[in-house]
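The values are calculated or read from the model by the stated rules, or taken from the named source; none is laboratory data. In this text the structure is predicted, and so the values were computed from the model without any measurement. Glycine gets a Cβ as well: all are built from the backbone with ideal geometry, and neighbour counts include every protein chain shown.
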Amino acid sequence: MDSGCSFAGTVCASRKGGSASTDLTWLFNDHQGTQQTAVNAGTQAVSIRRQTPYGAPRGANPVWVNNKGFVGGDIDPPA
């Protein structure tokens, strides 16, 4: 289960599983609302994903903590 936390209409955190600090991830968006940086609250591990101006992955992107993609849209599941 994944639950999100939002502030002023922007998703700022994602929680998976229980209440352990490692289940919480802080999310940081760019000016268009695309989540680019994720910081695990328990381990302080940082994940960064890069995208082209049209949302295609740029380089090797990490597995992301939720299903949000380019400009805050939902990522479609694989066919």
Requested in this report: Report yes if some residue within region 44-61 is of a type in the set (Phe, Trp, Tyr) and either under 23 Å from ALA8 (Cβ atoms) or touching a residue at least 24 places away in the same chain (Cβ under 8 Å) (or both); otherwise report no.
Outcome: no
**Report entry** Residue list for region 22-56, filter: modelled with pLDDT under 90 and either assigned to a strand (DSSP E or B) or over 20 Å from ASP76 (Cα atoms) (or both)
**Finding:** HIS31
Query raised in the report: If you scan region 35-79, which residues turn out to be hydrophobic (A, V, I, L, M, F, W, C) and at positive phi?
Result: VAL71
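Can you tell me which residue in region 11-21 is surrounded by the most Cβ atoms within 10 Å (Cβ to Cβ), limited to those that are without any contact (Cβ under 8 Å) to a residue 60 or more places away in the chain and outside any loop (DSSP other than H, G, I, E, B)?
Residue satisfying both the conditions and the ranking: SER14.
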